[in-house]
Every structure is written in structure tokens, then in C-alpha cells.
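The block underneath contains the structure these notes are about, expressed in C-alpha cells.
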Amino acid sequence: MSRTLRRVMLVLTVIGLGVASYLTYVHYAGFGALACFGGHGGHSSCETVQSSVWSKVAGVPVALLGLIGYVGILGSQLLPDREETRLATLGLTLIGVGFSGYLTYRELFSIHAICEWCVSSAVIMTLLLIGAVTRYVLGPSSAVDPRSNGRAHEQDLPAEYREELAHPHA
């Protein structure tokens with residue numbers, strides 16, 4: 001299951017990367033390229049959200065921050081499946097969900113407009129967090145060989161344990 005979950009998470013991350021790339025492009029190219037359904041005060045809801053005071057953090061567009069976040073998540077998923085990389089994915093997705101939650105709060109209660117692209121990114125990030133928690137709890141997909149009665153493979157053990165296995169103390 002962990003291998004399938006990892007693949008699903010990679011697909012979700014690439015989709016999120018596409019959404020964040022599109023929103024970053026629209027921010028810098030101008031809102032004419034923005035495809036949105038909702039209307040708000042003569043503008044699309046997405047344009048209202050993307051041009052609001054909350055669309056930047058310290059002058060950096062939140063779409064660009066999302067793009068950087070998805071790149072980090074993708075990088076953590078492409079590294080070898082180890083506890084540290086699963087924890088990195090978990091941490092990055094947790095930050096992403098927290099930031100998406102804050103931005104969704106601003107959309108609902110400060111801007112009074114909803115950007116469908118932003119909501120899709122928040123949903124993707126939430127699914128990634130669920131996947132990251134599951135992967136972290138389950139552990140590596142190849143650490144235990146079902147034919148080995150639950151024993152871990154030697155190469156998946158930390159170095160100090162491998163050393164002790166190679167040279168046991170008498």
C-alpha cells in the first residue's frame with residue numbers, strides 16, 4: 001500500500017505544482033489569463049482574491065510561496081523512502097495545510113470571495129497531508145519482507161545496528 005500511496009501522492013503533488021504554477025504565471029502575466037467561474041464586483045472571484053492585500057506575504061505572492069512549497073514536497077517525495085524524508089514530507093504538507101487554512105479564512109471572512117484555483121490547491125494539500133501522515137505511520141514499503149517473518153532487511157537498518165550485526169560482541 002505504501003508504494004501505491006507514494007505514487008498517488010506524487011500525482012497529487014504534480015497537479016498541485018501545476019495549479020501553483022498557473023496562479024504564479026497569472027500573477028506576473030496579468031489577470032487577463034485567469035480562468036475563473038465566480039464573479040465579484042465586476043471581477044472574477046479569483047482576480048479579487050489574487051489582487052487583495054492578502055495575496056502577498058512580505059511582497060512575495062502567495063502563489064509563488066505555494067509553488068515553492070509544492071517543489072519542496074515533490075523533492076521530499078523523490079528522495080529515498082526513509083523516515084527522515086517521510087517526516088520532511090509530513091512537515092511540509094502540515095505547513096501547507098496551515099497556510100492554506102489561513103488563506104481560506106481570509107477568502108471567506110476578509111475578502112468575501114472564493115478563488116476556485118486556491119480552493120483546489122487547499123484540497124490537494126489536505127489530501128497530501130493525509131497521505132503524508134499515513135506514509136509516516138506505516139513506515140517504509142520495503143523494510144519488511146513478508147518471507148522473513150517480520151524481520152527488517154539489513155540494509156534498511158541504521159548504520160550502528162548493521163555494524164553490530166556484522167561484528168557482534170562476545
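No lab work stands behind these numbers, since they all come straight from the coordinates. As the structure is a prediction and not an experimental result, all values here were calculated from the model. Cβ coordinates were reconstructed from backbone atoms using ideal geometry, including for glycine residues, and neighbour counts include every protein chain displayed.
May I ask for the net charge around Leu5, where only other residues with Cβ less than 15 Å from the Cβ of Leu5 are counted and Lys, Arg are +1 while Asp, Glu are -1?
+4
First select every other residue whose beta carbon is under 15 angstrom from the beta carbon of Ala122; then total the charges, Lys and Arg +1, Asp and Glu -1.
The answer is -1.
When Cys118, Cys36 are ordered from fewest to most other Cβ atoms inside 10 Å of their Cβ, what list results? Could the numbers behind the result be given before it?
On the way: Cys118 26, Cys36 21.
With the fewest neighbours first, Cys118, Cys36 line up as Cys36, Cys118.
Suppose R0 equals 35 Å; then what is the FRET efficiency for Ala159 and Tyr28 from their Cβ-Cβ distance, rounded to the nearest 0.05?
0.15
Using DSSP to call loops (not H, G, I, E or B), can you name the trypsin sites (Lys or Arg not before Pro) in region 38-125 whose Cβ has at most 14 other Cβ atoms within 10 angstrom?
Taking region 38-125 and a limit of 14 other Cβ atoms within 10 Å, the loop trypsin sites (Lys or Arg not before Pro) found are Arg82.
Please state the charge dipole magnitude for region 2-139, taken about the Cα centre, from unit charges on C-beta atoms (+1 on K and R, -1 on D and E), reported in debye and rounded to the nearest 20.
Roughly 320 debye for region 2-139.
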